[in-house]
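The values are calculated or read from the model by the stated rules, or taken from the named source; none is laboratory data. Since this is a predicted model, take the numbers as computed values, not measurements. Neighbour counts are summed over all protein chains in view; Cβ atoms, including those assigned to glycine, are modelled from backbone coordinates with ideal geometry. Ligands, DNA and RNA are excluded from the accessible area calculation, which covers all protein heavy atoms including side chains. Shrake-Rupley method; radii C 1.70, N 1.55, O 1.52, S 1.80 Å.
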Amino acid sequence: MKKIRVAIVGCGGIARGKHMPSLAKVEECEMVAFCDLIEEKAIDAAKRYGIPGAKVTTDYMEIANDPDIDVVHVCTPNRSHSIVSIACLEGGKHVMCEKPMAKTAADARAMLEAAKRSGKKLTIGYQCRQGSTNIQARNAVRDGKLGEVYFAKAHALRRRGVPTWGVFLNEYEQGGGPLIDMGTHALDLTLWVMNNYEPYMVVGSKFRKLADTPNAANPWGSWNPDEYTVEDSCFGFIKMKNGATIILESSWAINLTDVDANCYTLAGTKGGLTTKGGLVFNGEENGALYTRRMEKCGSVAFYEGYSDDEGESEARQWIRAIINDTDPTVLPEQALVVSEILEAIYKSSETGTPVFFD
C-alpha cells in the first residue's frame with residue numbers, strides 16, 4: 001500500500017515533542033519533507049524522522065507546491081498558522097495545524113474557507129480529545145447521564161508555569177498568553193463534551209500582574225519582564241444561546257494552589273462530573289447523594305491501533321481519516337468557534353464591555 005507522504009513545517013518544540021514522534025509510529029505514513037526558518041532544525045528532523053533523501057527547506061512554499069506531498073503538519077508560531085495552512089491547502093494538501101487554529105478569528109475563518117474551496121481536509125491539534133477520560137466523559141453526556149448540562153468550568157491554571165522558550169511571551173507572534181496557549185485546550189474539551197458550539201455572549205478579564213516580578217520562581221527559569229508582552233492570567237464568562245454558562249480560567253502565573261489544566265467541570269440536571277484529578281461523577285441516587293470516581297479506561301493495543309499516548313492516537317485517527325475519506329476527530333468548524341470565543345474574551349477585556357455573537 002502506498003504510504004501517505006507527510007511534510008512538517010516548523011521543526012521546533014511541538015513538532016519534536018508530539019507530531020514527529022507520533023507520526024513515526026503510524027505505519028500508513030512516512031515523513032518526506034521538513035521545513036524550518038532555521039535550516040539546522042529541519043536537517044536534524046530529517047535525520048531523525050525522515051525517509052532517505054527527505055526534502056529539507058527553509059521555504060514553506062516549496063512544501064505547498066510539491067505535488068509529491070499529501071499532508072502537511074503546521075507547527076509554527078500562531079501568527080503564521082493561517083498563512084502556511086492556506087498556502088498548503090491551496091497547493092492540494094491536507095493540513096493538520098497545531099492549536100490554536102490561528103492568531104485571530106478572521107485568520108481561522110480564512111483557513112476554513114480555504115479548506116472548503118480546495119476540498120482538502122483540515123484539522124487542528126487538540127489531542128486531548130483522544131484521552132480515555134475525555135472520551136468517557138463525552139459518552140456519558142451523549143448518553144444523557146448528566147441530563148441537560150447548563151453550567152461548566154474550563155480549567156487551565158498553573159500556579160507558576162511560564163514558558164520561557166521560543167515566542168510564547170511574544171504577543172505579536174502568538175496573539176496572547178495562557179488563554180490562547182492553555183485555555184484553548186480546556187475550552188475545546190468543554191465545548192466538545194457538552195456538544196455545544198453556539199455562543200451568545202462573552203465577558204472577559206485579562207491581567208498582567210506578576211509578569212514584572214524580578215527573578216521569579218518558575219520551573220523553566222525566570223522570565224525577562226521586558227519580553228513578557230502577554231497576559232499572565234485571563235478569565236472568561238461565556239453564555240451560550242441555549243442559556244448554558246461556561247467559566248473559562250487560565251493562567252501561567254497566579255497566587256492560587258487549587259490549579260489544574262486541560263480539564264473541566266460540568267453540572268447538569270441529572271448529575272455532574274469533573275476531570276480534575278481523574279473522572280468523577282456526582283449526583284443523587286435512591287434519596288442520597290453520591291460521588292463516584294471512575295477507573296481510567298486504558299486502551300487495547302491491538303484494537304484500531306489506539307494508544308494511551310494522546311499524540312499518537314491523534315496522528316493515527318488523522319491519517320486514517322485521510323485514507324478512508326472520513327471526518328477527523330477535530331472539525332475546523334469546531335476549532336473556529338474556540339478561536340472566536342478566545343478573541344471575544346480578549347476584546348471584552350480591552351473594551352470593558354460584553355461581546356455578543358450574531
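Specify the residue that is farthest from TRP165 (Cα to Cα); the eligible residues are those in segment 12-26 that are over 17 Å from the mean Cα position of the chain (by Cα) and outside any helix (DSSP H, G or I). That would be VAL26. Count of segment 312-339 residues, restricted to those that are in contact with a strand residue (DSSP E or B) (Cβ under 8 Å, 6 or more places away or on another chain) and open to solvent by 40 Å² or more (accessible area, probe 1.4 Å), is 3. Summed over segment 66-79, residues that are open to solvent by 30 Å² or more (accessible area, probe 1.4 Å) and touching a Cys at 6+ places or on another chain (Cβ under 9 Å) total 1.
Taken over segment 108-125, the residue count meeting the criterion of being crowded, with 24+ Cβ neighbours inside 10 Å, outside any strand (DSSP E or B) and touching a Ser or Thr at 6+ places or on another chain (Cβ under 8 Å) is 2. Any residue that is of a type outside the set (Phe, Trp, Tyr), out of contact with any strand residue (DSSP E or B) (no Cβ under 6 Å at 6 or more places or on another chain) and modelled with pLDDT of 95 or more - is there at least one of those in segment 200-210? Yes, that holds for at least one residue. Within segment 151-166, does at least one residue satisfy the condition of being over 26 Å from PHE237 (Cβ atoms), open to solvent by 50 Å² or more (accessible area, probe 1.4 Å) and assigned to a helix (DSSP H, G or I)? No, segment 151-166 contains no residue that is over 26 Å from PHE237 (Cβ atoms), open to solvent by 50 Å² or more (accessible area, probe 1.4 Å) and assigned to a helix (DSSP H, G or I).
Among the candidates ALA186, ALA137, ALA152, ALA156, which residue alone is touching a His at 6+ places or on another chain (Cβ under 6 Å) and modelled with pLDDT of 95 or more? Even if it seems obvious, please write down each step before you answer.
On the way: ALA137 fails: touching a His at 6+ places or on another chain (Cβ under 6 Å); ALA152 fails: touching a His at 6+ places or on another chain (Cβ under 6 Å); ALA156 fails: touching a His at 6+ places or on another chain (Cβ under 6 Å).
Within the list ALA186, ALA137, ALA152, ALA156, the selection yields ALA186.
Going by what's in this entry, would ASP226 be described as open to solvent by 70 Å² or more (accessible area, probe 1.4 Å), outside any helix (DSSP H, G or I) and among the acidic types (Asp, Glu)? Taking the combined requirement at face value, the residue does not satisfy it.
Within segment 206-220, residues that are open to solvent by less than 70 Å² (accessible area, probe 1.4 Å) have Cβ atoms under 6 Å from residues that are assigned to a loop (DSSP other than H, G, I, E, B) and not hydroxyl-bearing (Ser, Thr, Tyr) in these pairs: LEU210/ASP232; ALA211/ASP232; ASN218/VAL162, counting only partners at least 6 apart in sequence or on another chain. Sub-6 Å Cβ pairs linking a first residue in segment 80-105 that is under 19 Å from ILE322 (Cα atoms) and open to solvent by 20 Å² or more (accessible area, probe 1.4 Å) to a second residue that is of a type outside the set (Ser, Thr, Tyr) and part of a strand (DSSP E or B), at least 6 apart or interchain, are HIS94/VAL71, ordered by first then second residue.
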